[in-house]
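Each reported figure results from applying straightforward, stated rules to the coordinates on display, with no laboratory input. Here the structure is a predicted model, which is why all the values come from computation and not from measurement.
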Amino acid sequence: MHTHSLTTALTLYRSGTLTLAQAASRAGKSQAEFRKVLAAHGIALHDAAPPSTESGTPARAD
């Protein structure tokens, strides 16, 4: 089951469905461990929260 969880987490992270923290948790690993797994599988790190595109302007932080 652990292998299936890891594979699922990698797939969902790669597609942008899960953040790094969410994917690491799903895989049962720390974020540092999951980063190593990503590197081993040739998957690039991406931003945790993509900018909002609903209104066509970036999300405000205030």
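How much length, in nm to one decimal, is gained on full extension between HIS41 and HIS4, taken as 0.36 nm per residue of separation minus their Cα-Cα distance? It would help to have the intermediate numbers written out before the result.
Details: separation 37, 0.36 × 37 = 13.32 nm, distance 1.49 nm.
Using 0.36 nm per residue and subtracting the Cα-Cα distance, I get 11.8 nm.
How much length would be gained if the chain were fully extended between GLN31 and THR17, taking 0.36 nm per residue of separation minus their Cα-Cα distance, in nm to one decimal? Kindly include the intermediate steps, with their values, before the conclusion.
Working: separation 14, 0.36 × 14 = 5.04 nm, distance 1.62 nm.
Computed gain between GLN31 and THR17 is 3.4 nm.
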